[in-house]
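Note sheet for the following structure.
Just so you know, all these numbers are worked out from the coordinates, no wet-lab data involved. Note that the structure is a prediction, hence the values are computed from the model and not measured. So basically every Cβ, Gly included, is an ideal-geometry build from the backbone, and we count neighbours across all protein chains shown.
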Amino acid sequence: MYTVKSTSELTVSEGISRFEGGDTPISVFVTEFAPGNGTTLHRHPYDEVFLVESGIARFVVGEESIDVEAGNFVTVAADTPHGYGPVGDQPLRVIGIHPAGTPVQENLRETFDG
């Protein structure tokens, strides 16, 4: 058995699509941000893996900040505050993978501040 879903069917807000695996223990976020935008600072009770698909992402992880180019993976440990957004004037596309059928997220700040 299989399921096929378009990211356009899974849009939760502008630039963000979310696939929830339900009984399959994985969820995926596809995020696309224009310059000056990004995620809120947040954390999860599990590790998260990111793939920077295009652009350059500035990740804030705990007290550190790191710029990551397209084609690279980033891992963030459970319960670590993190967020990301584009660097420079190019848009950003990042895929975030959660090892949970339904994502669990605690927002720590309401706006992107990368």
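Annotations
- Short-range pairs are left out: with C-alpha atoms under 8 Å and at least six residues apart, the relative contact order of the chain is 36 percent.
- Theoretical gain in end-to-end length, Ile97 to Ser54 [0.36 nm per residue, Cα-Cα removed]: 13.9 nm
- Magnitude of the charge dipole, the range 13-102, Cβ model with Lys/Arg +1 and Asp/Glu -1, debye to 20: 100
- Radius of gyration and Dmax over the Cα atoms of the chain, both given in Å: 13.5, 44
- For the range 90-103, backbone phi angles converted through the Karplus equation (6.51, -1.76, 1.60; θ = phi - 60°) give residue-by-residue couplings of 9, x, 10, 10, 10, 10, x, 10, 10, x, 8, x, 10, x Hz, Gly and Pro being listed as x.
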